[in-house]
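Read-outs: derived from the displayed coordinates by stated rules, not from any lab. What you see is a predicted model, and the numbers here were worked out from it, not measured in a lab. A quick note on method: Cβ atoms are made from the backbone with ideal geometry, for glycine too, and the neighbour counts reach across all protein chains shown.
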Amino acid sequence: MHHDSADIDTDKRLAAEAAVQEVASGMLVGLGTGSTAAHAIRAIGRLGLDIDAVATSNASADLARSVGIRVRDFADVARVDLTIDGADEIDADFRAIKGAGGAMLREKVVACASRRMIVIADASKRVATIGAAKLPVEVLPFAAAYVADRITGLVRSATWRGEYLTDNGNRVLDCVAGAYHDWEALADAIACIPGVVGHGLFLKQVDAAYIADRGVVTRTERAGLERAAASR
Ligand SMILES: O=C(CO)[C@H](O)[C@H](O)COP(=O)(O)O
C-alpha cells in the first residue's frame, strides 16, 4: 500500500503524542531536535504541565518557548528526568544513528544526562541493523583536514556537509559506515581522534522507543517489554 509523506508525518505525530504521556508535572524534560521532536514539543506545550525543559538545539528552544514551555540553560543543569528525541535509524538492540539535523552533540550530552531517554519515530527509521544512514561527525573547524584524513580510514565515505555549521560553530562530516561488525570499536575510534567533538552513534543511551507504523504506535523497552501504546 502506498505510504506517502503525509502518512509518515502522521506517524511521527502519533509516536510523539504517545511518548509525551510519560511527561509529568515537576519534571525537567530534555527536548530533542527535528521534525518528530517538534511534534513532541508542541504536544508537551498542549499538555500545559508545570515542567522545566532543556533543549538540544536553538531551534527546539525557540519552538518550546513559543508554545509556552519554560526552557532553562543546559549549562546550569546536571541531570534531566526524561528526554524525548527523534532518530535517523534505530535497531532492535536500541542502537541509533542521529544527527541529520546536526544537533547530535547536544543531543548526546542531554541523553547522557537523562535518567530516561526515549526515541520517537515513524517506522521508516526502524532498521535490522544501523549503518545505511549518514553518520554525522562534528568537527572542530581548526582540525577539518586532519580529521577528514583520519576518518577516511574508518568508514566507507566521508563528505563535508557543505559550509554548514552546528549550533556549536563546528563543521559536520557525513560518513557512511555501512554494515559494521563492531559499533563500539568504531564509536571509540571516531571519538578519540583529536578535533572530533561528537558523533551521531547512540549505542547505549536509548532506553525506549515509540515507533508508529501506519497509525499504530508500539513502545519497546531496552529491557524487552513491548506493548501497543496507541492506535489511530
Ligand atoms: O538527530 C536528529 C537531529 O540532530 C533528529 O532527531 C533526527 O535527524 C530525526 O529527525 P526527523 O524527526 O526530522 O526525521
Fill in: Sites D52 and D93 - FRET efficiency at Förster radius 41 Å, r taken between beta-carbons, to 0.05
0.80
Worksheet item: Considering only A96, I69, I211, whose Cα is most displaced toward the positive end of the charge dipole of the chain, charges sitting on Cβ of Lys, Arg (+1) and Asp, Glu (-1)?
Response: I69
Worksheet item: What residues have an amide H closer than 5 Å to that of M117, excluding those fewer than 5 places away on the same chain, when H is modeled at 1.01 Å from N in the peptide plane?
Response: T83, D207, A208
Worksheet item: Under 19 Å from the 7 Å Cα→Cβ point of S5, by amide nitrogen: which residues of the range 77-96?
Response: 87-89
Worksheet item: Tell me, how many Å apart are the Cα centres for the range 83-146 and for the range 152-199?
Response: 12 Å
Discussion item. Just to be sure I understand: of the beta bridges DSSP finds with both ends in the chain, what percent are antiparallel, rounded to 5?
Written reply: 55 percent
Practice prompt. Could you state the orientation-averaged shadow area of the convex hull built on the Cα atoms of the chain, in nm² to one decimal?
Written response: 12.8 nm²
Fill in: Extension gain, D76 back to D188 (0.36 nm per residue minus Cα-Cα distance, nm)
37.5 nm
Item to complete: Express in % the proportion of alpha carbon pairs of the range 24-81 at distances exceeding 16 Å.
Response: 32 percent
